[in-house]
1. It is to be established whether one or more residues within region 353-363 are over 28 Å from residue 295 (Cα atoms), modelled with pLDDT under 95 and hydrophobic (A, V, I, L, M, F, W, C).
2. Which pairs have Cβ atoms under 9 Å, sit 6 or more apart or on different chains, and link a residue in region 408-423 that is free of Cβ contacts under 8 Å to residues at least 40 places away in the same chain to one that is of a type in the set (Val, Ile, Thr)?
3. Determine if region 259-267 includes at least one residue that is in contact with a strand residue (DSSP E or B) (Cβ under 7 Å, 6 or more places away or on another chain), closer than 30 Å to residue 143 by Cβ and at pLDDT below 95.
4. With respect to residue 348, determine if the residue is open to solvent by less than 20 Å² (accessible area, probe 1.4 Å), in a helix (DSSP H, G or I) and among the aromatic types (Phe, Trp, Tyr).
5. Under 6 Å between Cβ atoms, at least 6 apart or on separate chains: pull out the pairs that start in region 212-225 with a residue that is free of Cβ contacts under 8 Å to residues at least 40 places away in the same chain and end on any residue that is surrounded by fewer than 24 Cβ atoms within 10 Å (Cβ to Cβ).
6. Do we have any residue at all in region 218-228 that's open to solvent by less than 10 Å² (accessible area, probe 1.4 Å), more than 19 Å from residue 112 (Cβ to Cβ) and assigned to a strand (DSSP E or B)?
7. If the Cβ limit is 6 Å and pairs must be 6+ apart or interchain, which residue in region 76-104 that is small (Gly, Ala, Ser) pairs with which residue that is in a loop (DSSP other than H, G, I, E, B)?
8. Starting from region 41-54, keep only residues that are touching a residue at least 60 places away in the same chain (Cβ under 8 Å) and of a type in the set (Val, Ile, Thr), then list their pairs with residues that are in a strand (DSSP E or B) and buried (at least 24 other Cβ atoms within 10 Å of the Cβ) whose Cβ atoms are within a distance under 8 Å, requiring at least 6 positions of separation or different chains.
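The values are calculated or read from the model by the stated rules, or taken from the named source; none is laboratory data. This is a predicted model, so every value here is computed, not measured. Quick reminder, even Gly has a Cβ in these numbers, built from the backbone with ideal geometry, and neighbours come from all protein chains shown. Calculation scope for accessible area: heavy atoms of the full protein, side chains included, ligands and nucleic acids excluded. Shrake-Rupley method; radii C 1.70, N 1.55, O 1.52, S 1.80 Å.
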Amino acid sequence: MFLWCLVLGAWCFRYSGIGFSMASLSPLAALLRAEPILVTGMGCVSAAGCSAEALWVAAEEGKSPAVWKEFEMEGGRGRYAVCEGPDLEATRTELQPVRKADRCVQLAWLAAGQAWRGAQLPGKEASPRVGIMVGSSRGPLGKISDSFAGAGRVRRSPTLAATSTFASVSGALAQGLGVEGPGSMISAACASGAFAIGLAAEQILLGRADVMLAGGVETPLHPAVLGQFSAAGILGSHEDARLACRPFDVTRNGLVPGEGSAFLVLETARSAERRGVRPLCRLAGWSLHTCRSGRAGVPKDGAGLVHVMRESMQLAGMTTRDIGWINAHGSATVQNDIAEARAVAEVFGGLAATVPCSSTKPVTGHCLGATPALEAVISVQSLVWQVVPPSANCHEQDAQCPLHLPRVAMPARFKSVMSNSLGFWGYHASLVFSLE
């Protein structure tokens, strides 16, 4: 109750018209000041844990769950370091509504259900003021693969026409939860989950919904995708799979793919107060951007990240001094980590050497479009517990990445965190979460 009173009291004071003029704000910022957006529930399923609490414990410990696994590839077998999600049995009671759906849908169902219940949302009654936004880079790969595998057959499963679409994820959640508000499936490469969260918040500010379920899901541990990443030369390696992903380390050589899903429940402060739900924090700002950096996704100077970091803080009404921790994209690919470090230095200036900056991708694996949602959950938990998680697997920091990278979890007092994401084709996003 104390946190609830503190958070609402701070917002009522800050946004009561004292200290700023609505006329001086951008239209989006003015809407956000008038209608603060709260995080009231969250859930996740990943190799690092099957709840928000379990994911946080893993992030705090900084330990990777990656393992070496063999996959049947065309012409032989391939061995890859991966972060594999939990085994799912379609007979599990909670999976009954999606028992015939793609694994992607099932992971989303479990994570979204946790967030839904955490926010104390109603059962299956119709909810016209509740919407869903889901981000994914690859979508229901299993069903898509089934479609192509049976392309020459006369007889095919009649359900594939629906279950192999990207929209099957958001659609299954909407049908199962009784949601009748705005909904969509968002694909913005590895920034998809952040795009879904930002666009969901904008639906609320536009007055189209009071509550939005927003997040991401990905199941990319498929021979086709692993083969693509291998050919692109972006997969990390080490004799110990747990050390294959080493963001900002001088020996880093690539990412470790993972699978997972995470969701937040976003709603207006008025809606949360009306329902008597205690907020976890506030979604204070966000920025969604595409830069002309080619298919690799990030220019050498990190210009796209510079843009989204500045814009997300501007929307939040903050400066770099307000940010207590940066959840870095930190994919452990050689050039991307350097570009990100340059972007942080450009935006934060002298503070870049003192503001803690961590990558948690060794803990979750790079879950492509789902990763920003997983990292959003970690960001919220860091505020709740007032702890900065370590930058996992960085044992010898690259001099070209002069960031303040904590090696162990650090108790701290901070009110706001920033979480950054980027992906192929120049997609960039930044989310800011705050306790005030």
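1. yes
2. Pairs found: 411/387; 411/388.
3. Kept after step one, since they are in contact with a strand residue (DSSP E or B) (Cβ under 7 Å, 6 or more places away or on another chain), are these residues of region 259-267: 259-267.
Now drop any that are not closer than 30 Å to residue 143 by Cβ, which leaves 259-266.
Restricting the remaining residues to those that are at pLDDT below 95 gives none.
No.
4. Taking the combined requirement at face value, the residue satisfies it.
5. Final answer for the pair search is none.
6. No - not one qualifying residue is present in region 218-228.
7. 81/66; 81/244; 81/256; 85/47; 85/259; 90/99
8. 45/260; 45/261; 45/262
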